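J.: Can you read through this structure? Questions will come right after.
The values are calculated or read from the model by the stated rules, or taken from the named source; none is laboratory data. No experiment lies behind these values; they were computed from the predicted model shown. Methodologically, a virtual Cβ is constructed for each residue, glycine included, from the backbone with ideal geometry; neighbour enumeration extends over all protein chains shown. The area values use the complete protein model at the heavy-atom level, side chains included, leaving out ligands, DNA and RNA. Shrake-Rupley method; radii C 1.70, N 1.55, O 1.52, S 1.80 Å.
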Amino acid sequence: MERFAFLDLEGVLYPEIWEIYARKLGLPELAKTTREEPDFKKLVSERIKILKKNNVQLQHLSMLSKQIKLLDGALDFVKSLQKMHFDIYIVTDAFLEIIGNSVKNLGVCNIYPNHFICDESGYITDAIYMREKGKYEVLEQILKEKRNAYSIAIGDTFNDFTMLDYADDGFLFNPSQQALLMASPNFRVVRNYDQITEYLKGKLE
């Protein structure tokens, strides 16, 4: 039986990057997330305007990103999934141009991010979104012809719900109270990586 793991990045393996940018740049308005603005495209548009207004180029964000480390235990968790013979896919709404190094550190080749567009001066002008309806599109694409497969998905907030719902087992990882209130009762709420690995060991052995 083939095994597939679909993981969100921010909040699961990596800190919430825009909250860190907000602190580092002294721009608290950048800390807004989909918790406050559920329309992700609108949120990104607002961020782009804030960055341009304050003369922050993509290169500056990339430099800040290099200082951000994976969450404690994230790398060991990914390795434990690999030892259990899971093919791992990172499915993130983050942008490759600012999280590329972190993904390399995870040793995961399969990543489905969004992308930024810049002008000649290095300022972000727009975004290319790789999904129109939701993260489940990635799972649908990969699993649709798999007849003997087991899939898990791990995410922490609203934009992960379609992915968690599509997988055989969806893990809601250390969610906020708002996300928890809106989550499907079918999701498995977990607070740390060990709870996931223990469940999988019991299920797969």
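J.: What ranking of H85, H115 comes out by heavy-atom accessible area, probe 1.4 Å, highest first?
T.: H85, H115
J.: At a Förster radius of 25 Å, what calculated FRET efficiency corresponds to the Cβ-Cβ distance of K79 and E16, to the nearest 0.05?
T.: 0.60
J.: Long-range amide H contacts for K135: which residues qualify at under 5 Å (H placed 1.01 Å from N, peptide plane, sequence gap of 5 or more or a different chain)?
T.: The list, which skips near neighbours in sequence, is T162, M163.
J.: Just to be sure I understand: of the beta bridges DSSP finds with both ends in the chain, what percent are antiparallel, rounded to 5?
T.: 15
J.: Still on this model: Quick one: angle between helix 193-204 and the longest Cα principal axis of the chain, in degrees between 0 and 90, rounded to 10, please.
T.: Long axis of 193-204 versus the principal axis of the chain: about 30 degrees.
J.: Let me ask something else about it. For the chain, with only Lys/Arg (+1) and Asp/Glu (-1) charged at the beta-carbon, what is the dipole magnitude about the Cα centre, in debye rounded to 20?
T.: That gives a dipole near 280 debye.
J.: At 1.4 Å probe radius, can you tell me the per residue accessible area of the chain in Å²?
T.: Accessible area per residue: 52 Å².
J.: Any idea of Y193's accessible area? Nearest 10 Å², probe 1.4 Å.
T.: 30
J.: Give me the distance between the Cα centres of region 77-98 and region 158-205, rounded to whole Å.
T.: Taking the Cα centre of each part, region 77-98 and region 158-205 sit 15 Å apart.
J.: Scan around V189 for amide H atoms under 5 Å from its own, H built in the peptide plane at 1.01 Å from N, and keep only partners 5 or more places away or cross-chain.
T.: Amide H to amide H, under 5 Å and 5 or more residues apart or across chains, V189 pairs with L172.
J.: Could you point to the residue in G100, Q59, L181 farthest towards the positive end of the chain's charge dipole, with +1 and -1 charges on the Cβ of Lys/Arg and Asp/Glu respectively?
T.: Q59
J.: Can you give me the % of accessible surface on region 104-146 that is carbon or sulfur? Probe 1.4 Å, all protein chains present, nothing else counted.
T.: Using a 1.4 Å probe with all protein chains present, region 104-146 comes out at 44 percent carbon and sulfur.
J.: Taking a 1.4 Å probe, which of F95, F158 shows the most accessible area, and what order do the others take after it?
T.: Descending accessible area places them as F158, F95.
J.: Hey, another quick one. Stretch E36-S176 to full length: gain in nm at 0.36 nm per residue minus the Cα-Cα span?
T.: Taking E36 through S176 to full extension adds about 49.2 nm, to one decimal.
J.: For D8, D93, what's the largest-to-smallest order of accessible area, 1.4 Å probe?
T.: Final ranking, largest accessible area leading: D93, D8.
J.: Tell me, what ³J(HN,Hα) does each residue in region 158-164 have, in order and in whole Hz, if you take phi through Karplus 6.51 cos²θ - 1.76 cosθ + 1.60 with θ = phi - 60° and put x for Gly and Pro?
T.: Couplings: 4, 6, 9, 4, 5, 5, 5 Hz.
J.: Find the relative contact order for the chain and round it to a whole percent, using C-alpha pairs within less than 8 Å whose residues are 6+ positions apart.
T.: Answer for the chain is 24 percent.
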